[in-house]
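Here is the structure we will look at.
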Amino acid sequence: MNKWLQNDLWLRVVSVALAIMLWGSVTDATLTAPTDGDRTQIRDISVAVKYDKNRFELVEQPQKVVLTLYGDNTVLERLPSTYRVFVDARKVGAGVHSLPVQAEGLPNGITKQIEPKEVEVHLEEKVQKEMMVQAEFVGDVPEGFRVSLPIINPSKVLVRGSESTLDKVTSVKVMINLNKQEQSFNKPLRVQAYGETGVLRHVEVNPETVQVQVPINIPNKEVPLRVEVGKGPPTGYAVEKITTNVDKVAVYGPEDYLEELQVYNGPKLDLSKVKRDQTILMPIPVQDGAIKVEPQQVEIYVKMVRAETKMLREIPIEITGLREGAEAEIISPSGGKLNITLSGAPEQLAKLNNTDIKALVDVSNLPVGTHEVPIQFILPSYVQVVGQPEPKAKCRIR
């Protein structure tokens with residue numbers, strides 16, 4: 001043993017071995033992770049990407065990472081939520097790049113470890129193209145109203161994004177919510193880019209909003225206004241003439257209703273207590289099928305005179321409503337003719353003759369046999385039949 005200790009070579013070997021052991025123990029102490037109590041691990045952290053958003057588009061989000069933090073437990077337990085894990089792609093161009101993952105905003109004294117240390121970032125250079133703005137309606141206007149072609153200003157916008165994203169853009173639209181609107185409107189609306197699957201999120205549209213004017217109207221037609229006498233004047237009085245301050249009205253309603261409309265029936269006059277000239281202001285009723293009428297009122301002038309009477313003889317009675325294959329004849333009055341007394345203004349009565357009067361009996365839906373049927377008269381305006389409250393005819397159907 002003493003000889004070994006006195007041997008220089010042996011001493012050198014032992015010294016080197018001790019040095020290696022000491023270095024290994026120090027190195028192990030340095031590289032060994034802290035105890036479990038001084039460590040926290042956060043998984044599935046999204047990695048933010050810093051890049052020039054004016055020039056490039058991030059094609060897809062980088063993979064998520066695991067962040068392991070070492071330090072004092074009191075610090076780890078109060079870790080601020082403002083820290084951020086990111087990669088800096090501001091100095092690279094378009095393409096796929098493998099960049100180191102960094103963290104910022106961590107407290108002092110905290111040691112970090114990120115796995116993986118690098119992630120791939122795919123950037124594409126932005127391009128743009130001009131596209132027409134289309135309008136799409138949501139909902140509908142009330143029945144009878146009509147929406148005309150909307151006016152969009154500006155009518156074209158710039159669509160900007162990566163080339164692969166712009167290839168997916170099929171249209172740019174504004175959505176117009178009609179929501180039972182009855183009046184035209186003009187308002188700004190947001191423009192969005194659409195692909196086959198719907199709205200495309202990673203597309204810039206400039207300008208983001210456009211002014212949209214939507215004309216909403218109702219089809220209308222101008223037709224003559226008819227004012228009728230609902231109740232005639234008192235006995236001994238007659239209407240000589242009725243005039244109105246408007247001859248025609250604009251009727252608004254569905255197109256199929258307007259196509260059939262030739263005359264618009266206005267208010268019916270009650271003259272049962274009128275004995276002298278009068279000017280009457282009356283509302284024009286909105287008849288079934290119409291939405292509105294303009295003007296809404298009419299001024300009616302009624303000229304009254306003392307009534308006279310006139311008899312017309314042998315007015316023929318016509319039969320209407322006779323079904324196919326049947327025959328009918330008037331039994332009474334005899335010969336199918338009757339005499340009637342008319343009351344009206346003197347000037348009007350003087351012009352009347354038998355051809356101006358029609359007497360009708362309607363036998364619709366009547367079976368074979370003999371029936372008493374009311375006689376209906378078609379008379380000139382403001383002329384009445386007097387002396388025969390409910391004239392009837394007896395007719396036979398075979």
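From 187, 180, 173, grab the single residue that is outside any strand (DSSP E or B) and among the basic types (Lys, Arg).
Matching residue, one of 187, 180, 173: 180.
Which residue pairs have Cβ atoms closer than 8 Å, lie 6 or more positions apart in sequence or on different chains, and pair a first residue in the stretch 327-340 that is of a type in the set (Ser, Thr, Tyr) with a second residue that is crowded, with 19+ Cβ neighbours inside 10 Å?
The qualifying pairs are 332/393.
Yes or no, residue by residue, for (1) modelled with pLDDT under 95; (2) closer than 22 Å to residue 378 by Cβ; (3) not assigned by TED's automatic domain parsing to the domain that holds residue 358:
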{"site": "257", "(1), (2), (3)": "yes, no, yes"}
{"site": "283", "(1), (2), (3)": "no, no, yes"}
{"site": "292", "(1), (2), (3)": "yes, no, yes"}
{"site": "299", "(1), (2), (3)": "no, no, yes"}
{"site": "312", "(1), (2), (3)": "yes, yes, no"}
{"site": "319", "(1), (2), (3)": "yes, yes, no"}
{"site": "328", "(1), (2), (3)": "yes, yes, no"}
{"site": "333", "(1), (2), (3)": "yes, yes, no"}
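What's the total number of residues in the stretch 355-387 that are part of a helix (DSSP H, G or I) and either exposed (fewer than 13 other Cβ atoms within 10 Å of the Cβ) or under 54 Å from the mean Cα position of the chain (by Cα) (or both)?
Residues in the stretch 355-387 being part of a helix (DSSP H, G or I) and either exposed (fewer than 13 other Cβ atoms within 10 Å of the Cβ) or under 54 Å from the mean Cα position of the chain (by Cα) (or both): 1 in total.
Name the strands (runs of 3 or more DSSP E) wholly inside the stretch 54-125 in which the number of residues that are aliphatic (A, V, I, L, M) and surrounded by 13 or more Cβ atoms within 10 Å (Cβ to Cβ) is 2 or more.
Correct list: 65-70, 84-88.
Checking the condition in contact with a Phe, Trp or Tyr (Cβ under 8 Å, 6 or more places away or on another chain) and within 14 Å of residue 134 (Cα to Cα), which residue from 169, 210 passes?
None of the others qualify; the one that does is 169.
Looking only at the stretch 189-207, decide whether some residue is among the small types (Gly, Ala, Ser), touching a Leu at 6+ places or on another chain (Cβ under 8 Å) and not assigned by TED's automatic domain parsing to the domain that holds residue 144.
No, because not a single residue in the stretch 189-207 is among the small types (Gly, Ala, Ser), touching a Leu at 6+ places or on another chain (Cβ under 8 Å) and not assigned by TED's automatic domain parsing to the domain that holds residue 144.
For residue 350, indicate whether it is outside any loop (DSSP other than H, G, I, E, B) and either buried (at least 18 other Cβ atoms within 10 Å of the Cβ) or not assigned by TED's automatic domain parsing to the domain that holds residue 232 (or both).
Yes; evaluated as a whole, the condition is true for this residue.
Let's see how each residue does on (1) surrounded by 14 or more Cβ atoms within 10 Å (Cβ to Cβ); (2) at pLDDT 90 or above:
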position: 206; (1), (2): no, yes
position: 210; (1), (2): yes, yes
position: 214; (1), (2): yes, yes
position: 220; (1), (2): yes, yes
position: 223; (1), (2): yes, yes
position: 227; (1), (2): yes, yes
position: 232; (1), (2): yes, no
position: 238; (1), (2): yes, yes
position: 241; (1), (2): yes, yes
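The values are calculated or read from the model by the stated rules, or taken from the named source; none is laboratory data. Note that the coordinates shown come from a computational prediction; the quantities given were computed from them, not determined experimentally. Cβ: placed from backbone, ideal geometry, glycine included. Neighbour counts: every protein chain shown.
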